[in-house]
Amino acid sequence: MDSMHDQSDGPGWIIIIGVVISLLVGMAMLMLMLAGCQSTPPVVLPSGPGWLQMRSADGTYQISLKIPDKPPLNQEITVEGVVSRSGDPIAAEAEVHFDGGMPQHGHGLAVPVETSRLAASGFRAEGVRFHMSGRWLITLDVREGPHLERARAWVDIP
């Protein structure tokens, strides 16, 4: 009778070990799936004094642009901003391009602006210089892959 008892214990332990390994593998897979499903935090667009709010033409992008309430005449400034797509960050590969012009005079900025991306949907435009007083049309292009949208806003330079 002892020999039958010894034979039944062997396969039972093998089954228990198999079940434990399966549970551990299953838990690891579940943790990986949950980690992959976590959403990125929403983009909070800054607002208040010195922040210009813009929306792209089709409404896909919302932009907060940090530009002085009264930008200086004929002095280089750096303009920074944040772009969101319905509250979500834009793709890290997305391109942002800042420009400006005076359509009523038929000209743009005197010097090309270098626009670079920052972390968390941000961008920086260096070398912005409004060389004439008057009404300037600020243009911001956002390109994500083949999708391109433009946002525009007016700024008065004293």
- Item | Set 107, 97: member being over 15 Å from residue 65 (Cα atoms) and of a type outside the set (Asp, Glu) | 107
- Selected residue (criterion: nearest to residue 124 (Cα to Cα)) from residues of segment 68-91 that are open to solvent by less than 60 Å² (accessible area, probe 1.4 Å) and not β-branched (Val, Ile, Thr): 81
- Would you check if residue 143 is at pLDDT 95 or above and either out of contact with any Phe, Trp or Tyr (no Cβ under 8 Å at 6 or more places or on another chain) or farther than 23 Å from residue 50 by Cβ (or both)? yes
- Note on the structure: Residue count, segment 126-147, condition surrounded by 13 or more Cβ atoms within 10 Å (Cβ to Cβ), within 16 Å of the chain's Cα centre (by Cα) and free of Cβ contacts under 8 Å to residues at least 60 places away in the same chain, comes to 3
- Item | Residue list for segment 82-115, filter: farther than 16 Å from residue 131 by Cβ, of a type in the set (Val, Ile, Thr) and free of Cβ contacts under 8 Å to residues at least 40 places away in the same chain | 115
- Would you be able to say whether some residue in segment 40-59 is on the phi < 0 side of the Ramachandran plot, modelled with pLDDT under 80 and open to solvent by 40 Å² or more (accessible area, probe 1.4 Å)? yes
- With segment 83-153 as the region, which strands (runs of 3 or more DSSP E) entirely inside it contain at least 1 residues that are under 14 Å from residue 56 (Cα atoms) and aromatic (Phe, Trp, Tyr)? 95-102
- Message: For segment 64-81, check the following and say yes or no: at least one residue is touching a residue at least 60 places away in the same chain (Cβ under 8 Å) and under 23 Å from the mean Cα position of the chain (by Cα).
- Response: yes
- Query: Just checking, which of 94, 120 is surrounded by 12 or more Cβ atoms within 10 Å (Cβ to Cβ) and at pLDDT 90 or above?
  - Reply: 94
- Subset of segment 22-39 that is open to solvent by 100 Å² or more (accessible area, probe 1.4 Å) and farther than 30 Å from residue 123 by Cβ - its residue that is modelled with the highest pLDDT: 24
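The values are calculated or read from the model by the stated rules, or taken from the named source; none is laboratory data. Since this is a predicted model, take the numbers as computed values, not measurements. FYI the Cβ positions are ideal-geometry reconstructions off the backbone, even for glycines, and counts take in every protein chain you see. In case anyone asks, the SASA skips ligands and DNA or RNA and just uses the protein heavy atoms, side chains included. Shrake-Rupley method; radii C 1.70, N 1.55, O 1.52, S 1.80 Å.
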